[in-house]
Amino acid sequence: MEPLPSLSQSRAGRWIFVCILLIVGLLLYAKALQAPFFLDDAPTITLRSSWPQWHELPSQLWRDPRAVVTASLSLNHAVGELNPWGYHLFNVLVHLANSLLLWGLVRRTLLECSESLKTRAGQLAFGVSLLWMIHPLASQPVVYVIQRAELMMATAYLVSLYALVRGYRAPKQTRWSILVVMGCVVGLYTKQVAATIPLAALLYDRTFLAGTFTQALRTRRWMYVGLLASWSILFITGTTTLLDTNVQGASAGLSMQAVMPLQYLFVQSEVILHYLRLCVWPDVLIFDYGWPPQPINAYFFTFAITACLFAMTVWLVWHRPKVGFLPACVFLILGPTSSLVPITDMVAEHRMYLPLAAVVLMAVLLLHGVCAKQRKLFLFFLVVAGLLLGGRTWVRLDDYRDGVTLWKTVVQASPTFARGRIHLGSALMRSGELDDAAYQYEQAIADHRGYATPYNHLGRYWLLKGDVDKAMGFVQQAVELSEQSNADYLSHLAHLYRLKGNLPEASRYYQLALKVNPRHPETLVGLAAVLLQLGQPREAIRYAQQSPDNPDALLGLASAHAMLGQWAQADEAFALLLAIQPNHLEALQRRAWLLATCPDDQVRQGTLAIELAQQGLTLCNGRNLRLWDALGAAYAEAKQFKNAINVMDQAIQLARQQPQLVKRFEARKQLYQRDRPYRLGDKK
């Protein structure tokens, strides 16, 4: 087969390929920019109480196994706060960068292969990277923000391998070797699957560059020493605890009680075959799988097939290294999540993000070999595959337009998957479809009567409906089914007792929740509030101080200090709260009132009180009467009595339907007319 014109061999031709990849990727994933946050995005992004400052990142993140991901999320938050658009744009750009890295890696690798592949290295690499970029199986980590961990780990992986082959013929190999190690280090601080980079690099080196393992280690010994040393990060970040059998409540690792390592291995034999099927025929893609483990004997057939594939791969790696390298990469990258170390989520499509590249490359090379003398036929198959895969991805991205649509696809695929119905119910609740949400919770209970979570959610449903007694009944069932081992349920029940005015019972259940999780934020805040209502401000302070980044805790802390007459500490708590949430309306009003009326001369700041009250009134469009009262008091404290009187006149007009409030404002106005500011505790 004659080679195509040397488009890919010229600098201009390579730039054309780059532009095509970027344009196609941006056009395809443009609709992903409008997607909301999903599932684990909430605790990591939207419900996060505080974000590290840039100067704090090195000290805070060096023990964080997802430090690079945390830093990227902090960057997104600093630029666009909680607007999902910026987070999705970041993911899309990383995906596009990965496609370019894959193109470069495949191109340079094929240049080290046979003559037939060398002549078409650029074009084949372009086809592989394009098909991988638009493949629907690669879409989940692109749209699901928190799974940028998978994207960025793939970036590190591809950078390390690209730097390895790039440095092979470079006159100065040291800098490329350093980049190989740096890629591995960044990967290990992104996702621990990157622990396989040293093995993949050695296998690649032996297969395409050095020829033997011994020659690879001899030629680049210091690079491999650096790669080996990078595994120390696994100890620094605590990843090695996955191998500990005595970790309580583990959701991954050998301590998991739900499934044993050998059973998990057998389950993964079926999962791996499912992944491979989706690579070829991605007809039904599922965001969250309900894949309950079966007894080991149910997997004998799939285990036999997978074991044969693995054995064949080992044979090929040993006897036909260049043929065996790609299937070996699939098993190697899937190894940490699909072997003997159990993970709660048995199946996750995002785990195939990088292994998919190896599968696509195998398919393209196989097609190229079959159509060696039929260039037009080869191009025809590539175009058809591209159109089919791109079209399926375009349709799949529609599923991510909102939470209700996405979770409906999960429930349609797995109707008896209780977690899917619960998340669909939660999405329906957020969209205001309360009765439809309740139906999903009831169906989850019907399918799994011993499952506590839907009872807890039905409690929230009835609370929104205004029936506290019915809500308490469902939440009590959730508590009983969980055997009082779930802090969320206990805290929820305590909150309902608080609404009913039964403060002793509320306090008791909050205490039970803290026994389960001593750092449970909602419990600490709720218990502090209950203790304040019980007239125990010192105890309230003890609990509120344990959530220093929680706005509600800081509000309770300020209230407790004020109750004790500790005005400076109360002001400090309000200031901390407003540093976290500058537009917190209640904090603006209460701090303005404190600074305007505090009995302590050292605390009062009339000018600042005016600014805070005005900021609050702007935010609420002048509808908060307490803020008008605070603004009047602030003007009086600043000796601007004429302004204070005018403010109270406006407040009186706004409160004309509330006689008691009008009477109070009239008294304030008379005080200001006598050029006297108002003070807390003033009986006049």
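The values are calculated or read from the model by the stated rules, or taken from the named source; none is laboratory data. Please read these numbers as outputs of a predicted model, since none were measured by experiment. Neighbour counts are summed over all protein chains in view; Cβ atoms, including those assigned to glycine, are modelled from backbone coordinates with ideal geometry. Side chains included, ligands, DNA and RNA excluded: accessible areas come from the protein's heavy atoms. Shrake-Rupley method; radii C 1.70, N 1.55, O 1.52, S 1.80 Å.
The residue that is least open to solvent (accessible area, probe 1.4 Å), counting only those in the stretch 192-226 that are within 21 Å of Leu326 (Cα to Cα) and in a loop (DSSP other than H, G, I, E, B), is Gly211. Do we find that Gln670 is farther than 30 Å from Val525 by Cα, modelled with pLDDT under 90, out of contact with any strand residue (DSSP E or B) (no Cβ under 7 Å at 6 or more places or on another chain) and open to solvent by 70 Å² or more (accessible area, probe 1.4 Å) in this structure? No; evaluated as a whole, the condition is false for this residue. Residues that are polar (S, T, N, Q) and farther than 23 Å from Ser338 by Cα within the stretch 192-236 comprise Thr207, Thr212, Thr214, Gln215, Thr219, listed in sequence order.
For beta carbons closer than 8 Å, sequence separation of 6+ or different chains, a first residue in the stretch 532-560 that is surrounded by fewer than 19 Cβ atoms within 10 Å (Cβ to Cβ) and a second that is modelled with pLDDT of 90 or more and not in a helix (DSSP H, G or I), the qualifying pairs are Arg538/Leu564. The residue list Ala655, Ala667, Ala638, Ala644 contains one member that is touching a residue at least 12 places away in the same chain (Cβ under 8 Å), under 21 Å from Leu585 (Cβ atoms) and among the hydrophobic types (A, V, I, L, M, F, W, C), which is Ala655. Before we move on, is Gly450 surrounded by fewer than 20 Cβ atoms within 10 Å (Cβ to Cβ), without any contact (Cβ under 8 Å) to a residue 12 or more places away in the chain and part of a loop (DSSP other than H, G, I, E, B)? No: the conditions fail for Gly450. Evaluating Trp394 against the criteria (1) exposed (fewer than 15 other Cβ atoms within 10 Å of the Cβ); (2) under 28 Å from Val143 (Cβ atoms) leaves one unmet condition, (1). For Thr337, the conditions (1) touching a strand residue (DSSP E or B) at 6+ places or on another chain (Cβ under 8 Å); (2) open to solvent by less than 10 Å² (accessible area, probe 1.4 Å) are fulfilled apart from (2).
More than 19 Å from Val359 (Cβ to Cβ), within 32 Å of the chain's Cα centre (by Cα) and open to solvent by 10 Å² or more (accessible area, probe 1.4 Å), is that true of Val180?
Here the answer is no, as Val180 does not meet what is asked.
Look at (1) part of a loop (DSSP other than H, G, I, E, B); (2) open to solvent by less than 20 Å² (accessible area, probe 1.4 Å); (3) without any contact (Cβ under 8 Å) to a residue 60 or more places away in the chain and you find that Val347 fails only one, number (3). Taking first residues from the stretch 314-328 that are surrounded by fewer than 19 Cβ atoms within 10 Å (Cβ to Cβ) and partners that are of a type in the set (Ser, Thr, Tyr), the Cβ contacts under 7 Å between residues at least 6 apart in sequence or on separate chains come to Pro321/Thr207; Lys322/Thr207. Of all residues in the stretch 639-655, those that are open to solvent by 30 Å² or more (accessible area, probe 1.4 Å) and outside any helix (DSSP H, G or I) total 2.
Is one or more of the residues making up the stretch 80-89 open to solvent by less than 20 Å² (accessible area, probe 1.4 Å) and at pLDDT 90 or above? Checked against the condition, which is being open to solvent by less than 20 Å² (accessible area, probe 1.4 Å) and at pLDDT 90 or above, the stretch 80-89 yields at least one hit. Residues of the stretch 354-386 that are small (Gly, Ala, Ser) and in a helix (DSSP H, G or I): Ala357, Ala358, Ala363, Gly369, Ala385, Gly386.
Taking each residue of the stretch 270-290 that is small (Gly, Ala, Ser) and looking for partners that are open to solvent by 50 Å² or more (accessible area, probe 1.4 Å) with beta-carbon atoms closer than 8 Å, six or more apart or interchain, yields Gly290/Thr416; Gly290/Arg419. Considering the conditions (1) touching a helix residue (DSSP H, G or I) at 6+ places or on another chain (Cβ under 6 Å); (2) within 14 Å of Ile146 (Cβ to Cβ); (3) not hydrophobic (A, V, I, L, M, F, W, C), Gly86 is excluded by exactly one of them, (2). For the stretch 260-284, the set of residues classified as buried (at least 19 other Cβ atoms within 10 Å of the Cβ) and outside any helix (DSSP H, G or I) consists of Pro282 only. Among the residues of the stretch 119-139, is there at least one that is touching a residue at least 12 places away in the same chain (Cβ under 8 Å), buried (at least 24 other Cβ atoms within 10 Å of the Cβ) and in a loop (DSSP other than H, G, I, E, B)? Yes; the residues of the stretch 119-139 include at least one that is touching a residue at least 12 places away in the same chain (Cβ under 8 Å), buried (at least 24 other Cβ atoms within 10 Å of the Cβ) and in a loop (DSSP other than H, G, I, E, B). If Pro292 satisfies all but one of (1) over 30 Å from Pro198 (Cβ atoms); (2) of a type outside the set (Asp, Glu); (3) in a helix (DSSP H, G or I), what's the number of the condition it fails? All conditions pass for Pro292, except number (3).
Of the residues making up the stretch 369-391, those that are more than 40 Å from the chain's Cα centre (by Cα) and open to solvent by 30 Å² or more (accessible area, probe 1.4 Å) number 8. For the stretch 24-77: of the residues being free of Cβ contacts under 8 Å to residues at least 12 places away in the same chain and more than 16 Å from the chain's Cα centre (by Cα), which is nearest to Leu89 (Cα to Cα)? Checking each candidate, the answer is Ala30.
Looking only at residues in the stretch 612-622 that are surrounded by fewer than 24 Cβ atoms within 10 Å (Cβ to Cβ) and touching a helix residue (DSSP H, G or I) at 6+ places or on another chain (Cβ under 8 Å), the one that is modelled with the lowest pLDDT is Gly622. Could you go through the stretch 487-496 and let me know if any residue there is within 28 Å of the chain's Cα centre (by Cα) and open to solvent by 40 Å² or more (accessible area, probe 1.4 Å). Among the residues of the stretch 487-496, at least one is within 28 Å of the chain's Cα centre (by Cα) and open to solvent by 40 Å² or more (accessible area, probe 1.4 Å), which makes the answer yes. Is one or more of the residues making up the stretch 155-170 in a loop (DSSP other than H, G, I, E, B), open to solvent by 10 Å² or more (accessible area, probe 1.4 Å) and of a type outside the set (Ser, Thr, Tyr)? Scanning the stretch 155-170 turns up at least one residue that is in a loop (DSSP other than H, G, I, E, B), open to solvent by 10 Å² or more (accessible area, probe 1.4 Å) and of a type outside the set (Ser, Thr, Tyr).
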